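Q: Could you have a look at this structure, given as C-alpha cells, before my questions?
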Amino acid sequence: MMRRIIYVLKKCLLLSVGLCCLSCQVDRNPSDYGYLYENLPFDMPVLSPPTFPNNEVLITDFGGIGDGTTLNTKAFANAMEALSEKGGGRLRVPAGVWFTGPIVFKSNINLHLEDRAIILFSPDKDLYPIVETSFEGLDTRRCQSPISGRNLENVAITGNGAIDGNGHYWRPLKKEKVSESFWKRATSAGGVFKRDTYWMPSAQYLHGDTTSDMNVPRHLKTEEEWMSVRDFLRPVMVSLIECRNVFLQGVIFQNSPAWNIHPLMCENVILDGVQVRNPSYAQNGDGLDLESCKNAIVVNSTFDVGDDGICIKSGKDEDGRKRNQATENVIIHNCTVFKGHGGFVVGSEMSGGVKNILVSNCQFLGTDVGLRFKSRRGRGGVVENIFIRDINMFDIATEPLHFNLYYGGKSVVETLEDGDEATIVEEIPPVDETTPTFKNIYINDVVCASARRAMYFYGLPEHMIENINVENFIVHSKVGGELLESEKINLKNVAIYPEGGPVLTLRNVRNVHIEGLKTDATSNIFDVSGHRSSDIAIHGNYREEQIKIRKDAPSDMLKLHAVN
C-alpha cells in the first residue's frame, strides 16, 4: 500500500512541476498559444487574442465614482458609446468599487480592470429588464445579464481586478449545503420557504419555481405573466451570444446569480488565467458553460464553484436540435477545479453535438465527479472525439470517471443520497433523433488518489455508449468500477484498488477488452451479468473464484486469455 501511495505522489509531483513550467512559458508570451497545438488530435485554427484600436478612456471621464455606493450604470454606458464611436479601444477601470447596473458591450472594446478594481453589480432587480435569451439549452426569457453582448466582434475583459454579481440576492438556498448559523442569518432577511430546508428569496421566486420545467418557465405568454415570475429569472453573469473573438484574461469572476460565464454560439473564444468563483452552496452556480461554440481555448485558469466547473453544452432537446450548432474544437489545458459537481463535464444539454475536445494537464480537487458525461433520452445529439490526458484528482466524492445517460437534474452526490441509483427496468424504445450518442472517447494517464467508486458507465440499452478507451488509469476507491449498457470498451493498464467489493462489475456490456488490470484484491475481481452481455475478453491469469458469472449471463460471453 505504501509503495502505491508513494508512486501516486511522485507522479502528481512530476506533473505539477511540468504544469508550473508550462505556466511560466505562457507568462513569458501570453499571446502565443501555438504550444497547445503540438500533437493535437484534430484540426483547429491557431487562435490569438483580438487586437484593439489605440484608443483609451477612463470610466472616471464619464462621471464614474468608485466609492461602492454610487450607481455607475450610466457612466459605463456612456463610456462604451464614446469608445465605440472612436472605433473601439480600452475602457480602463481604476482601483475602487464600481457599483453598477448591467453593462452592455459593444464591438472592439477591451474592458480593463486595473489592480484593486472591483465591479460590483447592484442587487436591485428593477435594473435588469426581461430579455430574450437562452438558458439551460432552451430558448426563453431571463433578466438581463450583468455583463452582456450580442452579435459583436473583438470583445475582451482583462486586467487584475474582480467582477462580482451579488448573486446571493438572486439565488435560493438549501439548508444542507450551509452551516446552521449561516442558514439562520441568510433566511432571517425575508423570503419564503418551499419546504423547511429550501429557502427562496421571494414569493415571486417560489411562484416561478412551481410553474417551471427545471429552471425554465414554460407556457408563459403575456408580459404580465413574465413579470409575475421576474425574481425567478436569475441571469447568467456574463452572457456573450453570437460573438466572434472573445478574450477573458486575468480577472476574477465571482458570485454569479446563475451560471458564471456563458459564451453561446460564439467563435474564437480564449480564457486565460481567469479565476471563476462561486460559493459551494450556489444553486446552478456553474463556472464556465461553453455552449454551441466553435474554436475555444481555456488555459491556466481556476474554477471553484457550486455546480459544474468547466462544462461543454450545445442546447437542449428540440431547441438544441433545431439550433444544430455543435461545440467543437476546444482545448482545455493547465486548469484546476476545486469544489463543484464536476471538474470537466459534457452535457446534459448536448443536443446540438459536441466534438473535437482536448483536456490535458488539469487537476480536480474535491469535486463531486472528475470527468462527467451526462445526458438522457430526448436530448439527441452526438458527443464524439473527446481526448483527455494527464489528469490528477484527489478527494472525489463519487467517481473520477462517470457516464450517465439517465441524468435527471440532480448532482451525483444528491442522487446517491436520495437513493435514486437503482438499475432502471423498462421497455427499450427505438433509436431515433432524440436518442443521445456518446462515442470515440480516449482517456489516458489519470491518477485519482481517493474516490467513492472507481468508475461508472451507464448507457442506454437501445444505444450504448461506444468506443470508450481508458489507458494508464490509477484510482484508489471505496468500491470498484461498474460498466452497464456499454460496448467497445477498452481498459488497458488500469489500476483499481478498492477497499471492498468487486474490482469491476460488468452488466449488459458488449465487446469489452480488459488488459493489464492491476489490483490488490485477491478474490471477487470480476462480477459479470446481464443477458445482453457478449464478447468480453479478459487478459490475465485469474483463478475461477476471482470471476463471478451470474446466472443471467450467456455461457459463451466471456473469454479468458492467460499471459506469461
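Q: Please enumerate the residues belonging to region 74-90 that are open to solvent by 40 Å² or more (accessible area, probe 1.4 Å) and either outside any loop (DSSP other than H, G, I, E, B) or closer than 15 Å to Ala156 by Cα (or both).
A: Hits for region 74-90 are Lys74, Ala77, Asn78, Glu81, Ser84, Glu85, Arg90.
Q: Restricting the search to region 134-167, which residues are in a strand (DSSP E or B) and open to solvent by 30 Å² or more (accessible area, probe 1.4 Å)?
A: Residues satisfying the conditions are Asp139, Arg141, Arg150, Glu153.
Q: Ok, one more. Out of all the residues in region 490-513, which are farther than 25 Å from Phe394 by Cα and either touching a Ser or Thr at 6+ places or on another chain (Cβ under 6 Å) or open to solvent by less than 20 Å² (accessible area, probe 1.4 Å) (or both)?
A: Leu506, Arg507, Asn508, Val509, Arg510, Val512
Q: Would you please name the residue that is farthest from Ser348 (Cα to Cα), looking only at residues in region 106-128 that are open to solvent by 10 Å² or more (accessible area, probe 1.4 Å) and in contact with a strand residue (DSSP E or B) (Cβ under 7 Å, 6 or more places away or on another chain)?
A: Top of the filtered list is Glu114.
Q: Answer yes if at least one residue in region 513-523 is touching an Asp or Glu at 6+ places or on another chain (Cβ under 9 Å), assigned to a strand (DSSP E or B), of a type in the set (Lys, Arg) and on the phi < 0 side of the Ramachandran plot, and no otherwise.
A: Checked against the condition, which is being touching an Asp or Glu at 6+ places or on another chain (Cβ under 9 Å), assigned to a strand (DSSP E or B), of a type in the set (Lys, Arg) and on the phi < 0 side of the Ramachandran plot, region 513-523 yields no hits at all.
Q: In this structure, does Gly68 turn out to be surrounded by fewer than 15 Cβ atoms within 10 Å (Cβ to Cβ) and touching a helix residue (DSSP H, G or I) at 6+ places or on another chain (Cβ under 7 Å)?
A: no
Q: Let me ask something else. For region 244-276, give me the residue count where each residue is under 20 Å from Leu47 (Cβ atoms), open to solvent by 10 Å² or more (accessible area, probe 1.4 Å) and of a type in the set (A, V, I, L, M).
A: Counting residues in region 244-276 that are under 20 Å from Leu47 (Cβ atoms), open to solvent by 10 Å² or more (accessible area, probe 1.4 Å) and of a type in the set (A, V, I, L, M) gives 1.
Q: In this structure, is Gly287 at pLDDT 95 or above, within 13 Å of the chain's Cα centre (by Cα) and among the small types (Gly, Ala, Ser)?
A: yes
Q: Moving to a separate point now. When you look at Ala258, is it touching a Phe, Trp or Tyr at 6+ places or on another chain (Cβ under 9 Å) and in contact (Cβ under 8 Å) with a residue 24 or more places away in the chain, yes or no?
A: Answer is yes for this residue.
Q: Then there's this: Which residues, taken from region 319-332, are open to solvent by less than 20 Å² (accessible area, probe 1.4 Å) and either assigned to a strand (DSSP E or B) or modelled with pLDDT under 95 (or both)?
A: Thr327, Asn329, Val330, Ile331, Ile332 - these are the residues of region 319-332 that are open to solvent by less than 20 Å² (accessible area, probe 1.4 Å) and either assigned to a strand (DSSP E or B) or modelled with pLDDT under 95 (or both).
The values are calculated or read from the model by the stated rules, or taken from the named source; none is laboratory data. Just so it is clear, the model here is predicted, and its values are computed rather than measured. Please note: Cβ atoms are built from the backbone with ideal geometry, for glycine as well, and neighbour counts cover all protein chains shown. SASA here: full protein model, heavy atoms, side chains in, ligands and nucleic acids out. Shrake-Rupley method; radii C 1.70, N 1.55, O 1.52, S 1.80 Å.
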